[in-house]
Amino acid sequence: MAKIGFNLLAWSAVVSDEMLPIAERLKNIGYDGIECFLAPIEKEVYRNFGKEVADLGLDMTCVMVLGPEENPISPSAEVRQKGLDRIKWAIDRADDMNAGALCGPFHSAFATFHDKAPDEDEYKRSAEVLAKAGEYAEQAGILLAPEAINRFECYLCNTMEQLVYLVEKVSHPSVKAHFDTHHANIEEKNIGDAIRRAAPVLGHVHISENDRGTPGSGHISWDETFGTLAEIGYDGWLTIEAFTRDDPDFANSINVWREYSKPWDVAENGYALIKEKCEEFGI
């Protein structure tokens with residue numbers, strides 16, 4: 001059976017004890033786990049938070065991004081090494097929290113662009129970094145799930161076709177593809193075909209409305225999404241990722257300038273939607 005998760009970025013990009021009552025309420029709603037963003041804070045904070053979350057009976061996944069100074073597709077070996085080191089740091093923090101997966105667009109630097117289309121050398125560099133990261137993640141029992149995100153936030157992988165090409169080039173069992181309904185709504189010609197293309201290597205799914213508000217309140221085709229996930233036999237995480245202005249610094253960094261939905265509206269109604277569609281389509 002698929003697990004249902006909720007990303008804490010709806011409240012904060014920083015893990016702290018303040019998130020524990022939120023995690024407890026998410027557990028009471030019915031969620032199987034939470035997802036948290038990995039910011040550069042002390043490892044003891046992550047270790048303690050992970051223990052508290054586990055005590056609540058929740059599982060954990062994590063998400064991360066890379067900056068231009070640690071870009072895995074850079075021509076500079078030094079910069080690529082910094083990217084690999086950063087991913088390894090994130091794997092260690094995920095391991096501290098007993099997380100099972102690390103997702104996000106870490107195949108390349110977030111919001112870092114060039115004056116041309118991505119080329120084969122860049123895919124090769126990214127694959128080499130991800131393969132080494134996959135070896136490191138395997139030792140910790142953590143799945144790496146690089147994500148295809150939209151053209152306004154990412155340069156290398158916008159579509160599942162591009163992402164699957166990269167993941168197949170990596171060719172490591174601990175590195176799989178991450179599908180996000182928000183980004184697919186922008187970039188894919190056909191949602192069902194995109195999921196089918198990713199099927200052999202699909203490892204993580206974000207459930208996100210077209211405007212990043214409450215799933216079911218916008219125009220994402222949920223029947224097509226869940227129907228195709230059922231068709232391919234997907235049984236991994238279905239994690240809601242929604243954004244708000246609750247953490248202004250984070251919101252400003254990703255260009256979230258208005259409220260789409262209140263966090264608890266997203267959590268409660270989004271959970272109901274996922275449960276309904278999972279039961280309807282037999283996921």
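How do the pairs read when you match residues in the stretch 120-134 that are closer than 22 Å to Ile91 by Cβ with residues anywhere that are acidic (Asp, Glu), using Cβ under 7 Å and keeping only pairs 6 or more apart or on different chains?
Once the first residue is closer than 22 Å to Ile91 by Cβ and sits in the stretch 120-134, no partner that is acidic (Asp, Glu) comes close enough.
Among the residues of the stretch 66-84, how many are hydrophobic (A, V, I, L, M, F, W, C) and surrounded by fewer than 22 Cβ atoms within 10 Å (Cβ to Cβ)?
Matching residues across the stretch 66-84 total 3.
Which ones in the stretch 26-65 are closer than 18 Å to Leu144 by Cα and among the charged types (D, E, K, R)?
Step one: list which residues in the stretch 26-65 are closer than 18 Å to Leu144 by Cα, which gives 33-39, 59-65.
Listed by number, the residues that qualify are Glu35, Asp59.
Of everything in the stretch 90-119, what is part of a loop (DSSP other than H, G, I, E, B), touching a residue at least 12 places away in the same chain (Cβ under 8 Å) and of a type outside the set (A, V, I, L, M, F, W, C)? Give them in sequence order.
If we filter the stretch 90-119 for residues that are part of a loop (DSSP other than H, G, I, E, B), which is where we start, we get 97-100, 105-119.
Those left that are additionally touching a residue at least 12 places away in the same chain (Cβ under 8 Å): 97-100, 105-114, 118.
Selection gives Asn98, Gly100, Pro105, His107, Ser108, Thr112, His114, Pro118.
Quick check: is even one residue across the stretch 211-223 hydroxyl-bearing (Ser, Thr, Tyr), surrounded by 24 or more Cβ atoms within 10 Å (Cβ to Cβ) and out of contact with any Leu (no Cβ under 6 Å at 6 or more places or on another chain)?
The first filter runs over the stretch 211-223 and keeps only residues hydroxyl-bearing (Ser, Thr, Tyr), leaving 214, 217, 221.
Next, only the ones that are surrounded by 24 or more Cβ atoms within 10 Å (Cβ to Cβ) stay: none.
Checked against the condition, which is being hydroxyl-bearing (Ser, Thr, Tyr), surrounded by 24 or more Cβ atoms within 10 Å (Cβ to Cβ) and out of contact with any Leu (no Cβ under 6 Å at 6 or more places or on another chain), the stretch 211-223 yields no hits at all.
Can you tell which of Val14, Val65 is part of a loop (DSSP other than H, G, I, E, B), closer than 23 Å to Asp249 by Cβ, in contact with a Pro (Cβ under 8 Å, 6 or more places away or on another chain) and β-branched (Val, Ile, Thr)?
Just one listed residue meets the conditions, Val65.
Small (Gly, Ala, Ser), in contact with a Gly (Cβ under 9 Å, 6 or more places away or on another chain), surrounded by fewer than 21 Cβ atoms within 10 Å (Cβ to Cβ) and at negative phi - does that describe any residue in the stretch 2-22?
yes
Pairs please, first residue from the stretch 165-177 and hydrophobic (A, V, I, L, M, F, W, C), second anywhere and part of a loop (DSSP other than H, G, I, E, B), Cβ atoms under 7 Å, 6+ apart in sequence or on different chains.
Pairs that qualify, where the first residue is hydrophobic (A, V, I, L, M, F, W, C) and the partner is part of a loop (DSSP other than H, G, I, E, B), are Leu166/His107; Leu166/Cys157; Val167/Lys176.
Does Arg196 satisfy the criteria of being basic (Lys, Arg), surrounded by fewer than 20 Cβ atoms within 10 Å (Cβ to Cβ) and assigned to a loop (DSSP other than H, G, I, E, B)?
Here the answer is no, as Arg196 does not meet what is asked.
With the structure loaded, tell me whether Arg47 is among the charged types (D, E, K, R), under 21 Å from Asp247 (Cα atoms) and assigned to a helix (DSSP H, G or I) or whether it fails that test.
Spelling it out, it is not the case that Arg47 is among the charged types (D, E, K, R), under 21 Å from Asp247 (Cα atoms) and assigned to a helix (DSSP H, G or I).
Name every residue in the stretch 85-130 that is farther than 14 Å from Val65 by Cβ, surrounded by fewer than 18 Cβ atoms within 10 Å (Cβ to Cβ) and touching a helix residue (DSSP H, G or I) at 6+ places or on another chain (Cβ under 6 Å), in order of residue number.
Answer for the stretch 85-130, where residues must be farther than 14 Å from Val65 by Cβ, surrounded by fewer than 18 Cβ atoms within 10 Å (Cβ to Cβ) and touching a helix residue (DSSP H, G or I) at 6+ places or on another chain (Cβ under 6 Å): Lys88, Asn98.
Among what's in the stretch 224-268 and is surrounded by fewer than 16 Cβ atoms within 10 Å (Cβ to Cβ) and among the small types (Gly, Ala, Ser), pick the residue that is nearest to Ile29 (Cα to Cα).
Looking at the filtered set, the residue picked out is Gly233.
The numbers here are math on the coordinates, done by the rules we state, and not lab data. Values in this document were obtained by computation on a predicted structure and should not be read as measured data. Counting neighbours? That spans all protein chains shown, and the Cβs are built from the backbone with ideal geometry, glycine included.
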